[in-house]
Amino acid sequence: MGCLVNRSAVTTAAMVVAAGLAAAGCSTSSGSTTSVASCSGKHAAPGTASSAQASSPGPAVAAGWTLPGANLANTRDVQSAITSSNVAQLGVAWCVPIESTGEASSIGLTDGYSTTPVIVNGVVYLQDMESNVMAITLATGKVLWTHNYSSPNGGPDGVNVVGGTVYAATNHAAVALSAATGRQLWSRTLIGNDHEGIDMAPGYNNGTVFVSTVPVNPTVGQYLGGGKGILWALNAATGAPEWSWDEVQNLWGNPAINSGGGLWDPPSFDSQGDLYIGIANPGPIGQSGWPKGYPWGTSRPGPNLYTDSVVKLSPTGNLLW
C-alpha cells in the first residue's frame, strides 16, 4: 500500500520525501488499482502549511525528487517546505494500493515495496518488489498505467525517468518503458545464470543506463556458487551493451562455491561523468550457512576484491581507484 500526504502549499519536493516515508496507516476500499482508495489517518486541513518556508538549500540540493537519489550525486538532499515546526500538520491526501500479482508472497517475501518513488512532470513513478511498474497522477492519485512483470527481485529496486522513458529492471533484465503509456520499448537480459538477479534502480547519465547483477535470486536462493555482480552500461535508446565491469573477477579462484558483489543503489556521478559505486559483500555468508568443508569463509581467503568497496570508474568503465 502506498500513501501520499496532503501538501497544501508545500512543494512537490516535500511531497516526494513524504511519499518515501509514509508507507503505513492506509486501508483500501477497493481492490482495484485504478480507483483512489480511502485512507485511515489524519487528513490535513487546506492551507495549514501555507506559511511554510523552504529550507536553505545545500550545495547539492535538488529542486525535486526526479531521480532515485534526488540528483546525479545521490545526495538525497531535496529543497523542502516541510520543517520540524510544521511536519505535524501533514495528513493523508490519497492512497493507491501498490500493484501486485501475488508472486512475492508465494515465494515467502513478506514485503511488497522497498523503494522511493520519483516524481516527474506531476506523475509519480514507482516499482514494487515483483518488478511491476506504476504511474500515478500526483495531484489526484489516479493510476495512469501499470506494467506487470511478476518477477520477484528481493528489493530494493525502483525506477529512473529521463526524457520520457522509464528505466527499470526485472529480476533478470533491464527494461525501458514509455513514460506516457507504460509500453515496453526494450528489454536486455543481464544475468549469467539463475543464481543471479537484479535488485536496484538503474542509474542514468549522458545517454547511458547502468544496471548491476547481484548474487541473489529470490526464486532460487542467495549467495549461491557462481553468482556474480557485473555492472552493465547500456545504450539508453536501444539497451545495447556499451561495456561491462566485473565486480568480483574470477570469484577468488573458487567459483563453484563463492559468489559476491552487486549494487543495491544506482551509481553516483560527478561533473566529469565518473561513476562511484558501492559494491556489496562476498559469499558464501554465514547467515545462509557455510558450505561443507569451508567454514567461516575459508573458500575465499584474501581481500575478495572488489566486494565491500567503494569503487570509482571512468565513463568508459576503466577502474580509477
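Do you know which residues across the stretch 283-312 are within 21 Å of the chain's Cα centre (by Cα) and assigned to a strand (DSSP E or B)? Spell out the reasoning first.
Step one: filter the stretch 283-312 for residues within 21 Å of the chain's Cα centre (by Cα), giving 307-312.
Once the filter is applied, which keeps residues that are within 21 Å of the chain's Cα centre (by Cα) and assigned to a strand (DSSP E or B), the stretch 283-312 yields 310, 311, 312.
For the stretch 146-163, the candidate set comprises residues that are open to solvent by 10 Å² or more (accessible area, probe 1.4 Å), out of contact with any Ser or Thr (no Cβ under 7 Å at 6 or more places or on another chain) and assigned to a loop (DSSP other than H, G, I, E, B); within that set, the residue that is nearest to residue 131 (Cα to Cα) is 154.
Conditions (1) modelled with pLDDT under 95; (2) of a type in the set (D, E, K, R), marked per residue:
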| site | (1), (2) |
| --- | --- |
| 107 | yes, no |
| 112 | yes, no |
| 118 | no, no |
| 123 | no, no |
| 142 | no, yes |
| 173 | no, no |
| 189 | no, no |
| 193 | no, no |
| 204 | no, no |
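Being under 19 Å from residue 129 (Cβ atoms) and touching an Asp or Glu at 6+ places or on another chain (Cβ under 9 Å) is the filter here; which residues of the stretch 208-220 pass it?
Within the stretch 208-220, the subset under 19 Å from residue 129 (Cβ atoms) is 211-220.
Within the stretch 208-220, 212, 213, 214, 215, 216, 217, 218, 219, 220 meet the criteria.
Condition check ((1) out of contact with any helix residue (DSSP H, G or I) (no Cβ under 9 Å at 6 or more places or on another chain); (2) within 15 Å of residue 283 (Cβ to Cβ); (3) free of Cβ contacts under 8 Å to residues at least 40 places away in the same chain; (4) open to solvent by less than 10 Å² (accessible area, probe 1.4 Å)) across all residues:
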{"position": "177", "(1), (2), (3), (4)": "yes, no, no, yes"}
{"position": "184", "(1), (2), (3), (4)": "yes, no, yes, no"}
{"position": "193", "(1), (2), (3), (4)": "yes, yes, yes, no"}
{"position": "199", "(1), (2), (3), (4)": "yes, yes, no, yes"}
{"position": "205", "(1), (2), (3), (4)": "yes, no, no, no"}
{"position": "231", "(1), (2), (3), (4)": "yes, no, no, yes"}
{"position": "246", "(1), (2), (3), (4)": "yes, no, yes, no"}
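Could you list, ordered by first residue, the pairs with Cβ atoms under 9 Å in which the first is in the stretch 53-69 and crowded, with 16+ Cβ neighbours inside 10 Å and the second is modelled with pLDDT of 90 or more and among the acidic types (Asp, Glu), at least 6 apart or interchain? If the second residue must be modelled with pLDDT of 90 or more and among the acidic types (Asp, Glu), the pairs left are 61/77; 62/77; 68/265; 69/265.
Rundown of residues vs (1) touching a residue at least 24 places away in the same chain (Cβ under 8 Å); (2) polar (S, T, N, Q); (3) surrounded by fewer than 14 Cβ atoms within 10 Å (Cβ to Cβ), yes/no style:
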| position | (1), (2), (3) |
| --- | --- |
| 271 | no, yes, yes |
| 284 | yes, no, no |
| 288 | yes, yes, yes |
| 298 | no, yes, yes |
| 313 | yes, no, no |
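Look through 305, 319, 275 and report the one residue that is of a type outside the set (Val, Ile, Thr) and buried (at least 18 other Cβ atoms within 10 Å of the Cβ). Only one candidate qualifies: 275.
The values are calculated or read from the model by the stated rules, or taken from the named source; none is laboratory data. Being a predicted model, the structure only gives us computed values, none of them experimental. Virtual Cβ from ideal backbone geometry, glycine too; neighbours counted across all protein chains shown. Side chains are part of the model used for accessible areas, which takes the heavy atoms of the whole protein and leaves out ligands, DNA and RNA. Shrake-Rupley method; radii C 1.70, N 1.55, O 1.52, S 1.80 Å.
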